[in-house]
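For reference, the structure is listed below as structure tokens.
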Amino acid sequence: MPAFTPLTPEILAASVADRAEALTGSVCIAVSAPDAADPVEFAQRVATELRTRGRAADVVDLHDFVRPASLRLEHGRTDPYSYRHDWFDYAAVDREVLRAVREHQRWLPRLWDERTDRSARERPRRAAEDQILVVAGPMLLGRGLDFDVTVVLTMSRAALERRTRPEDHWTIDAVLEHEHDAVLDHAVLDHSGADADVLVRYDHPTRPAVRTRYD
């Protein structure tokens, strides 16, 4: 069984920053985690750490790349299958963020306003030569997205039920099923896929425990 080592949130963020800082050119980091883990908050920690080291670093929130309501709510407002497969526009993240920053030295910070269900009307931003983007949100792995560093914050069902808003409990099964299929079967059980560079037990965000992948 893999061993997990307790760390402080600050040391964990610094260790992810170390991995990114060692890479040259445009670097894309995934922080894949359920909303209950507040992946954007952790991504901001990593970006802040990188900025203190002199690297240009910004955070992209996956909730700013949702599909229009007509698509994501086609089968109702609480359909787990839709949440897993139709809610977020992963293809747009690939096109407007990952490939855009690498191929065109630009990236789109927001595509769609989830609250108003309208275009965010954002303009692409010019990337720095050594730009680092930290994309944060649910179920990022297993989508064919080309990240340079992948971080997965995992939570048990009990933790998800405790930390997820009651009105969003219907998303828990989708998150756990996707994590099992896309991450844990490969990165933990047989190590063949090694999808997660940094796998973190995150039931208690103030006391994370980390296991880096086998190389």
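The values are calculated or read from the model by the stated rules, or taken from the named source; none is laboratory data. As the structure is a prediction and not an experimental result, all values here were calculated from the model. Heads up, the Cβs are rebuilt from the backbone with ideal geometry, glycines too, and the neighbour counts pull from every protein chain shown. Note: accessible area is taken over every heavy atom of the protein model, side chains too, but ligands, DNA and RNA are not part of it. Shrake-Rupley method; radii C 1.70, N 1.55, O 1.52, S 1.80 Å.
Taken together, S15, S26 contain a single residue that is under 20 Å from P208 (Cβ atoms) and in contact (Cβ under 8 Å) with a residue 60 or more places away in the chain, which is S15.
Yes or no, residue by residue, for (1) touching a strand residue (DSSP E or B) at 6+ places or on another chain (Cβ under 6 Å); (2) in a loop (DSSP other than H, G, I, E, B):
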residue	(1), (2)
R110	no, yes
R121	no, yes
L133	yes, no
M139	no, yes
E161	no, no
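Which ones in the stretch 80-95 are free of Cβ contacts under 8 Å to residues at least 40 places away in the same chain, surrounded by 14 or more Cβ atoms within 10 Å (Cβ to Cβ) and either among the small types (G, A, S) or outside any helix (DSSP H, G or I) (or both)? Residues satisfying the conditions are S82, D86, W87, D89, A92.
Tell me the residue from D58, D64 that is in a strand (DSSP E or B), under 18 Å from the mean Cα position of the chain (by Cα) and surrounded by 15 or more Cβ atoms within 10 Å (Cβ to Cβ), please.
Details: D64 fails: in a strand (DSSP E or B).
So the residue among D58, D64 that is in a strand (DSSP E or B), under 18 Å from the mean Cα position of the chain (by Cα) and surrounded by 15 or more Cβ atoms within 10 Å (Cβ to Cβ) is D58.
Residues in the stretch 13-39 that are outside any loop (DSSP other than H, G, I, E, B), open to solvent by 40 Å² or more (accessible area, probe 1.4 Å) and closer than 25 Å to H104 by Cβ: R19, E21.
When L189, L153, L184 are checked against the criterion of being under 13 Å from D35 (Cα atoms) and either touching a Lys or Arg at 6+ places or on another chain (Cβ under 9 Å) or at pLDDT below 95 (or both), L153 stands alone in meeting it.
Please find, within the stretch 69-78, the residue that is nearest to H169 (Cα to Cα) out of those that are open to solvent by 40 Å² or more (accessible area, probe 1.4 Å) and in contact (Cβ under 8 Å) with a residue 12 or more places away in the chain. I'd like the intermediate steps shown before the answer.
Quick first cut of the stretch 69-78, residues open to solvent by 40 Å² or more (accessible area, probe 1.4 Å) only: 70-71, 74-75, 77-78.
From what is left, the residues that are in contact (Cβ under 8 Å) with a residue 12 or more places away in the chain are 71, 74, 78.
Values: L71: 21, E74: 19, T78: 9 Å.
Going through the qualifying residues, I end up with T78.
Screening D195 on (1) surrounded by 14 or more Cβ atoms within 10 Å (Cβ to Cβ); (2) of a type in the set (D, E); (3) at pLDDT 95 or above shows it passes everything except condition (3). The condition of being over 19 Å from the mean Cα position of the chain (by Cα) and touching a residue at least 40 places away in the same chain (Cβ under 8 Å) does not hold for A43.
T150 falls short on exactly one of the conditions (1) of a type outside the set (A, V, I, L, M, F, W, C); (2) open to solvent by less than 60 Å² (accessible area, probe 1.4 Å); (3) more than 14 Å from A30 (Cβ to Cβ), and that condition is (3).
Among the residues of the stretch 24-35, is any of a type in the set (A, V, I, L, M) and farther than 20 Å from G142 by Cα?
Pass one, the stretch 24-35, residues of a type in the set (A, V, I, L, M): 27, 29-31, 33.
In the following step, the residues that additionally are farther than 20 Å from G142 by Cα were identified as none.
No.
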